[in-house]
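Only the coordinates and a few stated rules stand behind these numbers; no lab work does. Quantities reported herein were computed from a predicted structural model and do not represent experimental measurements. Heads up, the Cβs are rebuilt from the backbone with ideal geometry, glycines too, and the neighbour counts pull from every protein chain shown.
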Amino acid sequence: MTTESPIPIWRDERFWRVAAQAIAVIITIAIVSLLLVNLDRNLQRLGIEFGFEFLGLRASFDIAETPIEYNPSSSYIRALMVGLINSLRVAIAGIVLTTIVGVTVGIARLSDNWLVRNLALVYVEILRNTPLLLQLLFWYFVIFLRGQQGLTQLPGSAYLSPSGLVLPWLQATPATGIWLVLLLGGIVIAAFLWRWRIRIRLEQGVPGRQLWWALGVIALAALIAALLTRSLPFVFDLPQFVGKNRIQGGLRLSLEFAALLMGLTLYTAAFIAEIVRAGIQSVPKGQWEAARSLGLKPGLVMRLVIFPQALRVIIPPLNSEYLNLWKNSSLAIAIGYPDVYFVASTTFNQTGKAVEVMLLLAITYLGISLIISLLMNLLNKTLTTGN
Amino acid sequence: MTHSSPSTSPKSGIVTWLRQNLFSTWYNSLLTVICLVGLFLGLRGLLVWAIAQAQWGVIAANLPLFFVGRYPDESYWRLWIVLGIILTLIGISWGINQRSERLFNRPVLVAAGVVAVVILFLPLALVPRLWLLAMLLLLLAGTGLGNRFAAQGNWLYLAWLLSFPIILWLIAGGLGWESVESDRWTGLLLTLLTAVVSIVLSFPIGVLLALGRQSQLPVVRLLSILYIEIVRGLPLIGILFLALVMLPLFLPAGVQWDRVVRAIAGLTLFSAAYLAENVRGGLQAVPPGQVEAAKALGLKSPLITMLIVLPQALKAVIPALVGQFIGLFKNTSLLSLVGLVELVGISRSILANPNYLGRYAEVYLFVGVIYWIFCYGMSFASRRLEKKLNIE
């Protein structure tokens, strides 16, 4: 009986697999524990104790913009909440606006009009190749801070005033509720009718006219609402000049908010435009030709054939642009908009609780990033499976 | 024959071009008119401002500050030599890159001549103008040299590698030269230094993280994913805060890292996570047959990764990598928020000077143009490289 000589341990792949992982774990633990030991020693030396009790203490600093009730005698946790809401305000408005601007510029990049195409190119190349921080400083100090020197009227009855940018807006009336309920009901019924008419068209081969049915129901709902309330769903709230640099009515945005929103929107839109352009160009030429040879009009070719296919390419990078916008909103500190990073940084300066504040910030940013990613994945799944 | 006189044919060419490209349909005509009006109003406003209202004195008076910040005047020559080394190397690289083409044809020579004349008439003192001329000559000489000795191209990598410590020595001094403290490295000098060092350092870390994320070993994979996703979920300014304000808390008492080193560490750690994701895209694009073929040839797995997978993966993601590098270059502007005086920081400190109060537009436009030239240059070079690699 011949004994097979065992494979020497240093030639055995299974050994190396385990060993490599063990080494990785040991190195990671060593580094992390070294850092933590140092941290512990340093905190002891500086006389700082780890703990989140400070969050309940009086913040005693003022915040320029408070969407929820806050005053200097509120607690730190309240201040951080105010900051978080401010961050979310600018991020949500920014995501909506940047999508609109970005898609428009992206389609303009593919226009058959030479001037439009090249203007879009110039826009993208300028905005993409300069730092966002510089652009924010430019919007704030060069453009919006003019408001502080006095009142300027902008086109479209908007004003730049010392108390902020004032835009015309819609104002709710008592009738708004009734209008909303009836219109929502109309839209739900319209959706059902749409499906029903399409089924009829497919099963019986007669024209479905689903668009007319759906629009008809919504128009009917609007008519009933108009008859019931005898008014429009809202009134236009135009800013009114009341003398001495003062404006009444309208939607008032602080100069910092306006500058941050402008900077984030236009900067991110340049990247989204390139994503949209690449997405549309990724659809093979044959698809255009096939759709056209079926007799579809150019608008329908885009809507029914090209765009759905382009979306699959567009959505994943679009997600990371939204995440970038969210993270970049932390640059608000450069122009003094009280977002969550700004408030956290003030909290750190007052309390010296660097580790705790940093942990809170990390959890906040990671959490919101995760939510955005989840929403976008959901969207991606719905769109690509065609439900 | 006499119907088509030569003078009308180019004109009709222009007319057809206009019809096809600007006025093909009624809505295209409308768009064209709207764009033209907007463009006219915008450009007129800009020109009126730039000529009549802007006070460019703030730029002229602070020109050295923007570029080299508070670097001591008497050591400027060291920075000129640094620039000379870099331009020579760039010239050589370009010359090797263009080896199959004839360089120094008439347009190139005319362009070089025009640049030389422009440099001679720049509103600067005599010494910087002479230095700039020398830089142009070095660039041209480097290009010629690279083109002539293209066969020895592999030495170029070594030259780049060796140039780095020499450049650092020239900037920082020491070893026989008067040393310049790191808090005097400011302006564009600091921007370029932090950007280049972070780019170079983040590259290997990013590749390792990408390989770790694709690894068969679950622990290594998990650790890589954790690192990448946590860093990518945080804003850069938070990471810079960690590196500049909190890092001393994690170091043993008495250990002090230089602020520039800490900033570079923060930028590198941040950029590596994003780079890893880009490289991962390239790794996934390498067909599995390549690895199988390499295994069948008897290559060991480190060799497969080094020789087969990585070259193909990196080539596939060159545009994304360059985009990442451009992003990092732009992101160095955030250092101004944590107390380092790079290009944006120096403009902020110039604007804080009571003599230049309110000159925001001029300063920010000038700084924006500097950033734009570098970023656009990088993306232009990458497109050329990509085209060349696709042809080969």
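Descriptive notes on the structure:
- Built amide H within the under 5 Å cut-off of B:Trp257, gap 5+: none
- Treating each Cα of the range B:73-179 as an identical point scatterer and summing with the Debye formula, the log10 of I(q)/I(0) at q = 0.12, 0.23 Å⁻¹ comes to -0.50, -1.18.
- Within straight-line reach of B:Lys387, meaning a Cα separation under 16 Å, sit the following aspartates and glutamates at least 8 residues removed in sequence or on another chain: B:Glu101.
- For chain B, the C-alpha radius of gyration divided by 2.2 N^0.38 Å, with N the number of residues, is 1.21.
- Against the rule of thumb 2.2 N^0.38 Å, how large the Cα Rg of the protein assembly as shown comes out: 1.11
- Long-range Cα-Cα pairs in the range A:227-386 (distance over 26 Å), rounded percent: 56
- Euclidean distance between Cα centres, the range A:154-171 to the range A:122-142, Å: 23
- In this calculation the C-beta distance from B:Arg44 to A:Lys244 is compared with R0 = 41 Å, giving a FRET efficiency of 0.80.
- Result for chain A in a Gaussian network model with C-alpha springs under 10 Å: among A:Ile107, A:Ile26, A:Ile372, the largest mean-square fluctuation is at A:Ile26.
- Candidates B:Arg262, B:Arg70, B:Arg99: whichever shows maximal mean-square fluctuation once chain B is modelled as a Gaussian network with Cα springs under 10 Å: B:Arg99
- Kyte-Doolittle mean at least 0.0, axial Cα span of 15 Å or more - DSSP H helices of chain B: B:26-48, B:76-97, B:106-120, B:126-148, B:155-172, B:187-213, B:218-233, B:259-285, B:318-331, B:360-391
- Taking the centroid of alpha carbons for each part, the range A:203-224 and the range B:74-145 are 71 Å apart.
- Counting only whole DSSP H helices of chain A, the ones at least 24 Å long by C-alpha along their axis and with mean Kyte-Doolittle hydropathy no lower than -1.0 are A:13-46, A:76-108, A:175-204, A:210-229, A:255-281, A:307-328, A:354-385.
- The range A:68-135: C-alpha gyration tensor shape, a/c 1.5 cut-off, then a/b vs b/c: prolate
- Prolate/oblate/rounded call for chain A, Cα gyration tensor, a/c under 1.5 rounded: oblate
- For B:Ala54 and B:Val117, the FRET efficiency from 1/(1 + (r/R0)^6), where r spans their Cβ atoms and R0 equals 25 Å, is about 0.45.
- Computed over the range B:194-282, the ratio Rg/Rh where both radii use C-alpha atoms and Rh is Kirkwood: 1.01
- Taking amide H positions as modeled 1.01 Å from N, with prolines and chain starts lacking one, the residues under 5 Å from A:Leu170 and 5 or more places away or on another chain are A:Asp237.
- Structural descriptor for the range B:187-392: relative contact order 26 percent, calculated from alpha carbon pairs under 8 angstrom and at least 6 residues apart.
- All Cα pairs of the range B:9-53, percent lying beyond 18 Å: 49
- Spin-label proximity, B:Leu385 to the range B:266-305 - amide N less than 16 Å from point 7 Å beyond Cα toward beta carbon: B:275-276, B:278-279, B:282
- GNM flexibility winner over chain A from A:Leu255, A:Leu238, A:Leu182 (Cα, springs under 10 Å): A:Leu182
- Gyration tensor (alpha-carbon) shape descriptor, the range A:105-193, a/c threshold 1.5: oblate
- Gap separating the Cα centres of the range A:2-62 and the range B:198-259, nearest whole Å: 14
- Out-of-range pairs (alpha-carbon distance over 29 Å; input A:Lys381/B:Lys295; A:Lys327/A:Lys381; A:Lys285/B:Lys315; A:Lys285/A:Lys327): A:Lys381/B:Lys295; A:Lys285/A:Lys327
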